[in-house]
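Have a look at the structure below, then the notes.
No lab work stands behind these numbers, since they all come straight from the coordinates. Keep in mind the model is a prediction, meaning the values are calculated, not measured. Backbone-built Cβ (ideal geometry, glycine too); neighbour counts: all protein chains shown.
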Ligand code: UDP
């Protein structure tokens with residue numbers, strides 16, 4: 001069995017390496033649909049127990065990963081091991097590394113304006129061949145949300161990085177999935193703050 005069920009959520013038994021390999025394949029393919037990656041942390045897992053709309057967002061994702069050591073340990077106790085925790089932050093760093101080799105384009109949505117800018121400055125120095133197609137802070141109003149979606153759609157980034165916090169990022173990606181035009185979209189929690197330092 002390729003999946004380990006923890007609290008009703010079927011987690012694929014994949015490592016970070018394999019996750020990045022799969023996502024790299026998705027980016028190199030010409031897929032018509034946005035591929036939604038959800039690193040399912042304990043908060044999302046708990047919220048899914050009561051919130052059916054969130055649960056269906058998780059069910060519809062292209063790939064989920066186990067982003068919690070507790071989730072990994074529960075699967076081990078049951079003998080159906082998830083090999084390791086796969087976080088949004090680690091996945092993002094690996095995508096940036098591969099993107100630097102392959103010249104992928106990224107759009108960074110989220111964090112406050114100063115952090116968003118600083119983070120992109122850091123990335124452009126550390127990963128000079130990454131194409132930063134665009135960026136926007138995460139404190140927008142419903143009024144300018146449409147314009148952000150249109151901007152992303154026009155830029156068609158390989159990777160849409162959404163740092164709005166979980167599960168807000170997951171709901172946001174799901175809501176606009178059909179319009180974003182990105183190849184993959186991933187919620188990364190507070191990763192942009194960490195990169196900005
Ligand atoms: N954030 C945002 N817009 C919001 C709320 C949060 O851009 O309306 C950003 C916040 O600045 C931070 C990230 O989302 O960069 C949330 O980080 P946190 O570590 O709280 O997320 P988690 O890891 O819990 O998903």
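Below is a table of values for the structure above.
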item: Of 163, 147, 47, the one that fluctuates the most in a GNM where the chain has Cα springs shorter than 10 Å; result: 147
item: Per-residue Cβ neighbour rank within 10 angstrom, fewest leading, 65, 141; result: 141, 65
item: Between helix 16-28 and the chain: long-axis angle, C-alpha atoms, 0 to 90°, nearest 10; result: 50
item: Net lengthening on full extension, residue 126/residue 175 (0.36 nm per residue, minus Cα-Cα); result: 14.4 nm
item: Principal-axis tilt of helix 113-126 within the chain, Cα atoms, nearest 10 degrees; result: 90
item: Residue among 138, 70, 146 with the largest mean-square fluctuation in a Gaussian network model of the chain, springs linking Cα atoms under 10 Å; result: 146
item: Region 37-56 and region 122-197: distance between their alpha carbon centers, rounded to Å; result: 20
item: Residue-span extension gain [residue 114 to residue 28] - 0.36 nm each, minus C-alpha spacing; result: 27.8 nm
item: Between 0 and 90°, nearest 10: helix 142-155 axis offset from the chain longest Cα axis; result: 80
item: Proportion of all alpha-carbon pairs of the chain beyond 20 Å (%); result: 53
item: Ranking of 36, 174, 97 by count of other Cβ atoms within 10 Å, fewest first; result: 97, 174, 36
